[in-house]
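K.L.:
I'd like to ask you about the structure that follows.
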Amino acid sequence: MGLLLSVSGAIDRLLEHIARAAGWLFLALVALICWDIVTRKFGFQLPGFGSTPIQEMEWHLHGVLFLAWLGYAYIRNVHIRIDVFTAAMPARRQAWLEVVGIVIFAAPYLAIATWHSYGFALTSFLQNESSDAPNGLPWRWIVKACLVAGFVLIDLAVISVLFRKLAFLFGPPDVARRAAPAPAGR
């Protein structure tokens, strides 16, 4: 069980590093949005860098940020949950509910979604897909490949949480104590 907890910790650190690194894209997104607003307000633009590619890059960056942060949000337990039903439950019952939810819902869904997102990105790459807009961005497969990467990150997050919950439920007391859920507001 200690091995499960060690693997979970390594995955958590990886997801944290990726989320922090991707966070710098937020500054690029803010700069891009400001540029879009200024060029629209004052009616000037650089050749080949008009409104359409800027707006497409904005949604690409939004998507990449969401996908890079989703796995980290799950391991930190800051994603949206329906805690109304589980808040009063003991920690062991909550852990069992999480394990059952992962095994029955999350794992099958993510296996299918990850597989199909890979096919989606591969098809886009092989067709050299680009924007439908005449002056839009080329290489649409890049953002679709980010979808695959995002699913892999959430796959890792689900594995990490599953390992931590199993260590909590079945580990010896010292391992279970280290795997125990953190107090609220951590």
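K.L.:
About its Cα centre, how strong a charge dipole does region 2-179 have in debye, to the nearest 20, once Lys and Arg get +1 and Asp and Glu get -1 at the Cβ?
P.N.:
560
K.L.:
Net charge around Phe125, counting only other residues with Cβ within less than 12 Å of its Cβ (Lys, Arg = +1; Asp, Glu = -1)?
P.N.:
Within the 12 Å Cβ shell, the charges total +1.
K.L.:
What spacing in nm lies between the two simple spin-label points modelled at Asp132 and Arg93, each 7 Å away from Cα in the Cβ direction?
P.N.:
Placing both labels 7 Å along Cα→Cβ, they lie 5.0 nm apart.
K.L.:
If you don't mind, another one. If you stretched the chain out fully between Ser51 and Thr114, how much longer would it get, using 0.36 nm times the residue separation minus the C-alpha to C-alpha distance?
P.N.:
Extra length available between Ser51 and Thr114 comes to 19.5 nm.
K.L.:
If you don't mind, another one. I'd like the distance between the alpha-carbon centres of region 9-26 and region 40-119, rounded to an integer number of Å.
P.N.:
14
K.L.:
No solvent, one uniform scatterer per C-alpha: report log10 I(q)/I(0) for region 2-179 via the Debye equation at q = 0.11, 0.12, 0.14, 0.20 1/Å, two decimals.
P.N.:
Debye output, listed in q order: -0.62, -0.70, -0.86, -1.31.
K.L.:
Please work out the ratio of the alpha-carbon Rg of region 1-99 to 2.2 N^0.38 Å and round it to two decimals.
P.N.:
1.61
K.L.:
Continuing with the same structure: Say R0 is 41 Å: what FRET efficiency, to the nearest 0.05, do Thr123 and Arg177 get from their beta-carbon distance?
P.N.:
Efficiency at R0 = 41 Å is approximately 0.30.
K.L.:
Output ³J(HN,Hα) for region 2-9: one whole-Hz value per residue in order, computed from phi by the Karplus curve 6.51 cos²θ - 1.76 cosθ + 1.60 with θ = phi - 60°, and x for Gly and Pro.
P.N.:
Rounded to whole hertz, the list is x, 5, 4, 5, 5, 5, 4, x.
K.L.:
Right, next: Relative contact order for region 2-179: what percent, with Cα pairs under 8 Å and sequence separation of 6 or more?
P.N.:
RCO, region 2-179: 35 percent.
K.L.:
Still on this structure, please answer the following. Taking the Cβ of Leu67 as the center, what net charge do the other residues with Cβ under 13 Å away carry, scoring Lys and Arg +1 and Asp and Glu -1?
P.N.:
Around Leu67, the charge tally is 0.
Computed from the coordinates by the stated procedures, all read-outs in this text should not be read as laboratory data. All values reported here derive from a predicted model rather than from experimental measurement. All Cβ positions, even for glycine, are placed from backbone atoms using ideal geometry, and neighbour counts span all protein chains on display.
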